[in-house]
Amino acid sequence: MKLGIALLTGGSDLDTLLEQVRTAREAGFDSAFFNQFASLDAISVAALAGRLNPGMEVGTAVAHIYARHPYALAEQALAANAISGGTFTLGIGPSHKHMVEDLYGVPYERPAAHVRDYLTALRPLLRGEPVDHRGETLSVKGRLTPPGAVAPPVLLSALGPVMLRIAGELADGTMTTWTGAPFIADYIAPRITAAAEAAGRPAPRIVTSVMVCVTSDPDRVRGELQAQMGFTGDFAAYRAVLDRQGLSGVHELLVAGDESAVEKEIARFEAAGVTDLVISPLGSAEEQARTFAYFGR
């Protein structure tokens, strides 16, 4: 299981983000993934981070597809992969209804159909193939042939059965959030793997984002997480995945405790089939440093 770090484009300025990537690479992390929300463009930041940290995977978790036409996103993703030296991974997702309609002013209708249309057009564009797609939610006609361009891997944010099937059929894997190890083992991994096998595709990556704190006071950190991020449990997609896990809120998914306790929880993710664990250290500055030091290798 590879290890990555999640970085918030809205949490730090560019120089700080780039320094965080450098520090993570020197500590032995395999990847750095950037979120996309009301801040610096995550694709651009990831591309630059990859350029400055040769050999380290960089990517988005995730870029919002309603914000860009597939042709425009394909152009940007090919450029990002070239800038990074071929280590860029494009993580995409449909985001959430209130965000799409408020931010972009477009209707959030039939998101699963839109994702299928989007990937159906995006993948051949990234490969330099001609596309003439007239789908249910969008149309694309054209071709991209930038010299030397190489298609990056594409991961889809998928939590429910329909999206997992699309991810298995049309993407290189999935990116999940607010998902515990048992849910990955019993729900996520079997569905996406079966879909990939049925489509004749390679075994999919399962990239899981987890909030972690090495601490002597896990209950305090869970309370802080609930106060800061509990509202995300009201988003429809996240509420559905929490309900499927029998959980009341996102704070219950925090991996917290001393080094031994955290080690046991991380091992469960690997056993569940997670191929890449992307961590977000939480807690006080001292606890975050302790967490970072634990995962450094």
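The values are calculated or read from the model by the stated rules, or taken from the named source; none is laboratory data. All values derive from a computational prediction rather than experimental measurement. Every residue, glycine among them, receives a Cβ derived from its backbone with ideal geometry; neighbour counts consider all protein chains shown. Please note that ligands, DNA and RNA were not included when accessible areas were found on the heavy atoms of the full protein model with its side chains. Shrake-Rupley method; radii C 1.70, N 1.55, O 1.52, S 1.80 Å.
From the alpha carbon centroid of segment 265-297 to that of segment 87-148 is 32 Å. Full extension of the segment from Lys264 to Gln228, taken as 0.36 nm per residue of separation minus the current Cα-Cα distance, would add 10.4 nm. Let me cross-check Thr193: its accessible surface, 1.4 Å probe, with only protein heavy atoms counted, in Å² to the nearest 10? The value for Thr193 is about 50 Å².
In the chain, the longest principal axis of the Cα atoms and the axis of helix 189-198 are about 20 degrees apart.
Listed by chain and number, the aspartates and glutamates whose alpha-carbon sits under 13 Å from that of Lys2, ignoring those within fewer than 8 places in the same chain, are Asp30, Glu57, Glu270, Asp276.
The share of C-alpha pairs in the chain whose separation exceeds 35 Å stands at 14 percent.
When each of the peptides 201-210, 12-21 is scored by the mean number of other C-beta atoms lying within 10 Å of its residues, the order from highest to lowest reads 201-210, 12-21.
So what's the back-of-envelope 222 nm ellipticity for the chain, counting only DSSP H runs of four-plus at -39500 (n - 2.57) apiece and dividing by all residues, rounded to 500?
Numbers: 10 runs with 121 residues, N = 297.
After summing the helix terms and dividing by the residues of the chain, the value is -12500 deg cm²/dmol.
Here the calculated FRET efficiency for Asp219 and Thr23, from their Cβ-Cβ distance with R0 = 35 Å, stands at 0.75, rounded to the nearest 0.05.
Scaling against 2.2 N^0.38 Å puts the C-alpha radius of gyration of segment 33-185 at 1.01.
How large is the charge dipole for the chain, taken about the Cα centre, if only the Cβ atoms of Lys, Arg (+1) and Asp, Glu (-1) carry charge, to the nearest 20 debye?
Working: 25 positive and 33 negative charges, 192 e Å.
In total the dipole reaches around 920 debye.
So for segment 1-65, what percent of the C-alpha to C-alpha distances run longer than 20 Å? Pairs farther apart than 20 Å: 17 percent. Think of the chain as a dipole: +1 on every Lys or Arg Cβ, -1 on every Asp or Glu Cβ, centred on the Cα centre; then among Ser260, Leu282, Met1, Met1 lies furthest on the positive end. For the chain, the antiparallel share of DSSP beta bridges with both residues in that region comes to about 10%. Here the gap between Arg143 and Ser248, fully extended at 0.36 nm per residue and compared with their Cα-Cα distance, gives a gain of 33.1 nm. Between the listed residues Gly148, Gly59, Gln76, the Cα displaced farthest toward the positive end of the dipole of the chain, a dipole computed from Cβ unit charges relative to the Cα centre, is found at Gly148. Taken as Cα centroids, segment 199-221 and segment 5-32 sit 17 Å apart, rounded to the nearest whole angstrom.
Accessible surface comparison of Arg123, Arg268, Arg116, probe 1.4 Å, protein chains only, largest first: the order is Arg268, Arg116, Arg123.
A 1.4 Å probe, protein heavy atoms only, puts the accessible area of Asp276 near 10 Å². Rolling a 1.4 Å probe across the protein heavy atoms gives segment 159-297 an accessible surface of 44 Å² per residue. Stretching the chain fully between Ala271 and Tyr104 yields a gain of 56.2 nm (0.36 nm per residue, less the alpha carbon separation).
Considering only segment 122-257, what is the antiparallel percent among its DSSP beta bridges, to the nearest 5? Present the calculation step by step, with values, prior to reporting the outcome.
Details: 4 of 14 bridges.
Percentage antiparallel, nearest 5: 30.
In the chain, the longest principal axis of the Cα atoms and the axis of helix 161-170 are about 60 degrees apart.
To the nearest 20 Debye, how big is the dipole of segment 66-185 about its Cα centre, given +1 on the beta carbon of each Lys and Arg and -1 on that of each Asp and Glu? Display every interim value, and only then the final one.
Values: 10 positive and 10 negative charges, 30 e Å.
About 140 debye.
Evaluated with a Cβ-only charge set (Lys, Arg +1; Asp, Glu -1), segment 1-136 carries a dipole of roughly 300 debye about its Cα centre, given to the nearest 20.
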